Each structure stands twice: as structure tokens, then as C-alpha cells.
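No lab work stands behind these numbers, since they all come straight from the coordinates. Quantities reported herein were computed from a predicted structural model and do not represent experimental measurements. Here the Cβ positions follow ideal geometry from the backbone for every residue, glycine too, while neighbour counts run over all protein chains shown.
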Amino acid sequence: MFGPLNFSAESLQQEVERLTGKLKAAVENLQDIGPATVGCTPKQEVWRDGKVVLYRYQGDAAKRGTRSVPLLICYALVNRPYMVDLQDDRSIVKSLLAAGQDVYILDWGYPDGSDRFLTLEDYIEGFLDGAVDYLRRTHGMDAVNLLGICQGGAFSLCYASLHPDKVKNLVTMVTPVDFQTEDNMLSNWTRDLDVDQFVDTLGNVPGDLMNWCYLTLKPYRLFLQKYVGLVDIMDNPKALEDFLRMERWIFDSPDQPGELFRQFIRDFYQGNGFINGGILIGGREVDLSHVDMPVLNIFAEQDHLVPPDASRPLGGLIGSDDYTEISFKGGHIGIYVSGRAQREVPPAINSWLAERGA
């Protein structure tokens, strides 16, 4: 038997009126807000190789670059890098600039059919190495600071292993190292994937397909709950604009070059190459024991894409005695944009680099 309903006709009418008011306000707010803008800090293109562009953030000219060594951000390919500079009050870049860092970022662009056969070698020994060499020439120094994020952190570890002389200090954020931890749902999905048939059939892997896979890792939260919660903020222009800005980033997913995707799944998720070996880039094997520079490893305690146990093994694999580990109370996205992240993450990076004279 069902119990009595805990609302009256009057309370139901009030709720309908409340919702109607919010919907009316939402229409007005959406007209005023317009398209959601992303990336708050001015930046200048300084180097390019095809679709890949190196930008230098401008910031406050009086503060920019008071640190001597440039900091290069290497982001993942699967989403756009403006997440680190999403908006004025949610920008890791802005905080690093304010602390005097000279910040650069690699933008991988949007791969198309002409990029179908690009490999890890093209991205790491071509694009990433080309950007690093540009900074070394421009700043007149042997090595730069490298900040690798998520998949970009895996790229950065590979690069630091192959070119330890070109990396002065390495910072990794939410970076997978052990790709086969039990709590890594994405890993469990991909270990038995016939990646050869997958790539041979699709060519480039559509960004929408990749994004759908990420969303289904938390289907209730990401397909339903957040949109139900949207009702409560529709009459708040600032909150609504923030929501739309985040939605724009989530669904701004570039396609993945087919050959790079094949190699990344095979060597990292299926072969667990950082742990077991076997990652070959340009005929050279990636060996994390060659990473002999100072390393700061930052991971998120509630990260469902890169669980903490996937990042923690890094300290036991690298050859450096200068290893620092920081856990952040938040998730994979919160580490970039939450209020806590703005207070904790950039100061931690800056103070760590300052202690090492960079």
C-alpha cells in the first residue's frame, strides 16, 4: 500500500508557480548572456607546427615572467586546454601569472582526416619537442619547466624520460601512471577492446564518441542529476552562465588521430607501459627511471577518471630523489575550477617551483 502523499493542492500550485517563474527568468537570462565565453587571459601565438599552436599568456606585464624559467602547460588531447583558464575567477593560469610565472600552453587544435596517421612520436618528438626547443632558444636556457595534465601528463612523462636534459622541473596533475588499477573503470572498459579493428573501422575516433564514454562512467550524475539541479539556478544569471560555460567545455571534444589512439590504448591501457615497459617512441623505449629532475605530482582524491592509486606509483618509478606528492580534495574537473582548487593548487605549484629556483 502507498502512504498518503505529502503535499497539498496548494503546495503543488506554489511549486508550479515557482518553476514557471524560474523558466521565465531563464529565457530572459539566456537572451542577455549570449554564447558562453571561455578563456579569460589574453594570449599570443608564438610558434606553430600545422594545427598545433604554442601560446604565451600575457597577464600583467609588470608581474609576468619574474620567474626565470618559462612554464609550459601540456594538456590532454581529448578536451580543449582552456579549462586551465576557464573564466576570470576560475583560472589556474591567472593565478600562476600573478605569482610571476611566465606561462605558455600547447593547443593541439582539432585533428581532421589529414591527421589520421599521426603517432605518439609526432606529438611528443615533433610538436612537444618543437615547442620546448622554441622556448629554450627564446629564453636562452637549456631546460624549461613542464606542467603535464591528465593525458598531457603521460605525454610529459614520456618526454621527460626521453629528454631529461630539456626539463628543469616536472609537474604532473591528475596524471595516470598505473593504467590498470582495479578502481579505474575506463581501464576496465578498454583492456579487452580490439583497438586495431576499432581504429581500422573508424579512422579518427570521433570526439562525440569519446565524450559519450566519459559521461557514461557516471550516468546518473552527468545525464540526469546536473540537469535537474539546473532548475534551481536558472534565475541566477551568474550561476547559469557558469553552467553553460562548463557545458561548452565538456562537449568541445576534438576527434582523436587514429594511429595515436591505437598506440595509446595498446601501450598504456592494455600494456600498462609505465609499469611493465614496452612504450616505444621513435624507436626509443620510455623508461621513467630516466626522469631525474625534481617532480611534483598532484592528484585528486575523488577522481573517477584517474584514481589516486593510478598516480601514486610515480614516486617509485622515477630516477629523481626530489619527489613531492600532493593530494587534492576534489574530482578530476574540480582540481581546475573549484574554489578550493583556486586557493590551493596554483600556490602549491608556485611555491614548489620557487624552492627550486624556478
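I need the shape label for the stretch 201-347. Rule: rounded when a/c is under 1.5, else prolate if a/b > b/c, else oblate, with a, b, c from the alpha carbon gyration tensor.
Here the stretch 201-347 falls in the oblate category.
Could you order the peptides 247-257, 172-182 from most to least packed, using the average number of other C-beta atoms within 10 Å per residue?
172-182, 247-257
How do CYS40, CYS158 rank when sorted from fewest to most other Cβ atoms within 10 Å of their own Cβ?
Least crowded to most crowded, the residues run CYS40, CYS158.
Using +1 at the Cβ of each Lys and Arg and -1 at the Cβ of each Asp and Glu in the chain, identify which of LEU157, TRP189, ASN145 lies farthest towards the dipole's positive end.
Value computed over the given set: ASN145.
Projected area of the stretch 140-237, taken from the Cα convex hull and averaged over every viewing direction, in nm²?
Values: hull surface 44.2 nm².
Mean orientational projected area (the stretch 140-237, Cα hull): 11.1 nm².
For each pair in LYS43/LYS329; LYS24/LYS94; LYS94/LYS168, compute the distance between the two Cα atoms and list the pairs where it is over 26 Å.
Violating the 26 Å Cα-Cα cut-off are LYS43/LYS329; LYS24/LYS94.
How do 95-101, 135-141, 205-211, 150-156 rank on mean C-beta neighbours within 10 Å, highest first?
Answer by packing, highest mean first, reads 150-156, 95-101, 205-211, 135-141.
Work out how much length ASP309 to LEU230 would gain on full extension: take 0.36 nm times their residue separation and subtract the Cα-Cα distance, in nm to one decimal.
25.2 nm
To the nearest whole percent, what portion of all C-alpha pairs in the chain is separated by more than 39 angstrom? Please list the in-between numbers first.
Working: 11869 of 63903 pairs.
So the portion of pairs separated by more than 39 Å is 19 percent.
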